[in-house]
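Take a look at the structure set out below.
The values are calculated or read from the model by the stated rules, or taken from the named source; none is laboratory data. Everything quoted here is computed from the prediction, not taken from an experiment. Please note: Cβ atoms are built from the backbone with ideal geometry, for glycine as well, and neighbour counts cover all protein chains shown. Side chains are part of the model used for accessible areas, which takes the heavy atoms of the whole protein and leaves out ligands, DNA and RNA. Shrake-Rupley method; radii C 1.70, N 1.55, O 1.52, S 1.80 Å.
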Amino acid sequence: MSAMEPTSGVSQEEKNKLCANGAATKVQVHLEGADSAKLGEVGETEDGKKITFQTGPPQSAPAGRRYKRRSRSLSQSSTDSNTSGSYSSYSEDEDEVSPRQKEQKNSKGSSDFCVKNIKKAAFGRREIQIAEQEMPGLMLLRSKVASEKPLKGAKIIGCTHITAQAAVLIETLSALGASIRWSACNIYSTQNEVAAALAEAGFPVFAWRGETEEDFWWCIEKCILADGWQPNMILDDGGDATHRMLKKCPETFKLVKGIVEESVTGVHRLYQLSKSGKLSIPAMNVNDSVTKVKFDNLYCCRESILDALKRTTDTMFGGKQVVVCGYGEVGKGCCAALKGLGSIVSVTEIDPICALQAAMDGFRVVRLEEVLKNVDILITCTGNKNVVQRHHLDRLKNACIVCNMGHSNTEIDVESLRTPELVWERVRHQVDHVIWPDGKRILLLAEGRLVNLSCSTVPSFVVSITACTQGLALIELFNAPQGRYKQDVYLLPKKLDEYVATLHLPSFDAHLTELSDDQAGYLGLNKTGPFKPNYYRY
Ligand SMILES: NC(=O)c1ccc[n+]([C@@H]2O[C@H](COP(=O)([O-])OP(=O)(O)OC[C@H]3O[C@@H](n4cnc5c(N)ncnc54)[C@H](O)[C@@H]3O)[C@@H](O)[C@H]2O)c1
């Protein structure tokens, strides 16, 4: 999400204030040797103990069915979260018995978990090992700070997508000394085999793909209300664990040292709590970290839009007419990718600055009405609602592919297509043909939900970056001396943002240039950073 994203509900002024708050912290990171990611202190514990990153190499890493309306009423984030989710097909273990009805034990005899099928653990472990290979920054962080155990004593409730990449984060937090209990933030995104592998490894995980609403909250409560285990940190994606804990155990909530939140929705909810005076503990907004915004929104979407379109439709991109609504970070990524493969891309924008950027990047800036009759692919990436309405959809040409990359499923008014004269045919998993009485059909992907998260996988490398920001935010909040963070929402200190990037440079054999003393003095910078002011836009 960019600083401009309207859905955050936070003014730029407030964000600047938050930046300033984040900058006021005394976190120190030393980059000793600009090209080797050798790192020094990142924080200090309450008793003044410094946390240092050790140098050295990383450890080896170990057709044809009619549409049925869904009637569940779930928290928005449980179905719409746009961070780090992952798609895998529904081919495995389709048995209908609820995991809550099954008695399962892992090989050590523990039953403190609830997953679809513990027998899939070996398959899940292989998935985790594959993810580790493509998450070099997170593995490097693990190897550098494992001996310091900066999370020793941390009892973390996690509520995130449960994917192979999330498992690498969970196992990293554990290696850094934390004890964890984990549930899913989204009822559709759990990789069952990965949840099984985590349960087999002894982690109390409560999640499976296709949870009901009741299951969803039950799983969260299994983490919050565990016998003899009192959480003191929350890692949330969407705000559901935070809000459930606040509601169910307000006294325990007060004892939590900090919340780390990564989603747009969850951050928005945190700012609302803060404004209403109900946020009694510090929280870190990692969603707006530079490394998260640039990599999750721009680079990740640049790759995953193509993957999602290809997997669902087998379409050829060369020569196709595409319209992308919104030229923010996500829109820029989508446009760049499609242009690169020879599509003829037009952009719609409401903001003259972004519109001018699109024009200067070589895209025609149009109103949607002007291109509807000719476009082969329509993609929304605005974070806004009702950008594509029924009157637009009525005018699209036959076989147009329609999909959404924005965070909620209201960018395209899909509900307006649920009228008696239109026939819905499910032609593939996540692909519907919506057919007009005259025979015209459009291909609607993922019923208007985020197409890349619903229909493709997210690159592990991008998740590695986000996971590092989450891990470092947890370390920072858990070890911060009393008074450094108040009952407010903070951004990750810039030093840590830079450190996240540094952790990922060795995998490209990228060599940073080191400032000379003279140059540092000239620019008024510390030689070890931060290298940019908080308002710098990258
Ligand atoms: N799919 C993913 O993996 C993924 C990843 C990150 C973010 N997101 C989501 O994608 C959305 C966009 O994110 P972003 O970082 O690009 O945000 P952004 O704020 O940088 O860009 C959104 C752009 O849409 C424009 N816009 C708003 N309403 C419009 C309208 N009616 N017509 C045309 N343009 C309009 C805005 O002016 C802005 O430039 C958000 O909802 C975000 O949460 C998705």
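Extension gain Thr212-Ala359, at 0.36 nm per residue separation less the Cα-Cα distance, in nm?
Once the chain is fully extended between Thr212 and Ala359, it gains 48.4 nm.
In nm, to one decimal, how far is the Lys385 label point from the Lys248 one, both placed 7 Å along Cα→Cβ?
Output for this residue pair reads 2.9 nm.
Please sort by residue number the trypsin sites (Lys or Arg not before Pro) in segment 144-222 whose DSSP state is loop and whose Cβ has at most 15 other Cβ atoms within 10 Å.
Lys152
Find, among the GluC sites (Glu not before Pro) in segment 476-538, those assigned to loop by DSSP (not H, G, I, E, B) with at most 14 other beta-carbon atoms within 10 angstrom.
Qualifying residues, ordered by number: Glu514.
Below 19 Å, Cα to Cα, which lysines can Lys339 reach? Residues fewer than 8 away in the same chain don't count.
Lys310, Lys320
Along Cα→Cβ, 7 Å out, is where each label goes; now give me the distance between the ones at Asn526 and Ser147 in nm to one decimal.
Label-label distance for Asn526 and Ser147, simple model: 2.5 nm.
Just to confirm the filter: which GluC sites (Glu not before Pro) across segment 101-201 are DSSP coil and have at most 10 other Cβ within 10 angstrom of their Cβ?
Here the sparse-neighbourhood loop sites are Glu103.
On a 1.4 Å probe surface of the protein chains, which of Tyr538, Tyr499 comes out largest in accessible area, and what is the full order?
Sorted by accessible area, descending: Tyr538, Tyr499.
Treating cross-link reach as a plain straight distance, find the lysines whose alpha-carbon is under 18 Å from the alpha-carbon of Lys144, omitting any fewer than eight places away in the same chain.
Of all the lysines, those that pass the test against Lys144 - Cα under 18 Å, at least 8 places apart if same chain - are Lys38, Lys49, Lys50, Lys152, Lys495.
Tell me which lysines have Cα within less than 23 Å of Lys108's Cα, excluding those fewer than 8 residues away on the same chain?
Leaving aside lysines fewer than 8 places away in the same chain, those within reach of Lys108 are Lys116, Lys119, Lys120, Lys155, Lys222.
Order Lys294, Lys248, most accessible first, counting only protein heavy atoms with a 1.4 angstrom probe.
Largest accessible area first, the residues go Lys248, Lys294.
For a quick check of understanding: with a 1.4 angstrom probe and all protein chains in place, what accessible area in square angstrom does His161 have, to the nearest ten?
Accessible area, nearest 10 Å²: 10 Å².
What length, rounded to one decimal in nm, is gained on full extension from Gln482 through to Ala122, with 0.36 nm per residue of separation minus their alpha-carbon distance?
Gain on extension, Gln482 to Ala122, equals 125.3 nm.
Contour minus end-to-end for Asp351 and Asn398, with contour as 0.36 nm per residue of separation and end-to-end as the Cα-Cα distance?
13.9 nm
Residue by residue, what Karplus-based ³J(HN,Hα) values in Hz, rounded to whole numbers, does segment 480-495 have, using 6.51, -1.76 and 1.60 with θ = phi - 60° and x for Gly and Pro?
Listing the rounded values in order: 5, x, 3, x, 5, 10, 9, 7, 8, 9, 10, 8, 4, x, 3, 4 Hz.
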